[in-house]
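Taken together, the values in this text are just the output of simple stated rules run on the coordinates, not laboratory data. Just so it is clear, the structure is predicted and the values come from calculations on it, not from any experiment. When we count neighbours, we look across all protein chains shown, and the Cβ atoms used for this are built from the backbone with ideal geometry, even at glycine.
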């Protein structure tokens with residue numbers, strides 16, 4: 001009996017594996033660029049990447065588990081000189097809670 005099962009791209013945070021999906025890809029010279037998914041080959045588990053603002057002759061196939069693909073957000077954060085949002089340190093939360101407890105007792 002032959003069972004055909006379509007392969008599906010991995011669930012990678014920040015990357016949506018669909019034609020037109022936006023991400024960042026590393027080229028052969030080890031530079032990261034904003035890119036778009038142009039095609040998906042489900043049999044070979046690959047995506048064709050087009051580097052934005054570059055000629056299509058530079059398009060490359062990547063395995064969809066490649067470490068040379070990452071979410072696009074890093075590019076825009078780097079351009080703005082920002083870091084990803086972080087949780088406040090635990091000690092700040094603790095001090096905030098203690099202050100509320102002290103104020104509640106004084107009432």
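Details
- The set of residues from segment 15-41 being surrounded by 12 or more Cβ atoms within 10 Å (Cβ to Cβ) and either out of contact with any strand residue (DSSP E or B) (no Cβ under 8 Å at 6 or more places or on another chain) or in a loop (DSSP other than H, G, I, E, B) (or both) comprises 16, 17, 21, 27.
- The conditions of being more than 16 Å from the chain's Cα centre (by Cα), over 14 Å from residue 68 (Cα atoms) and free of Cβ contacts under 8 Å to residues at least 60 places away in the same chain are met by residue 44.
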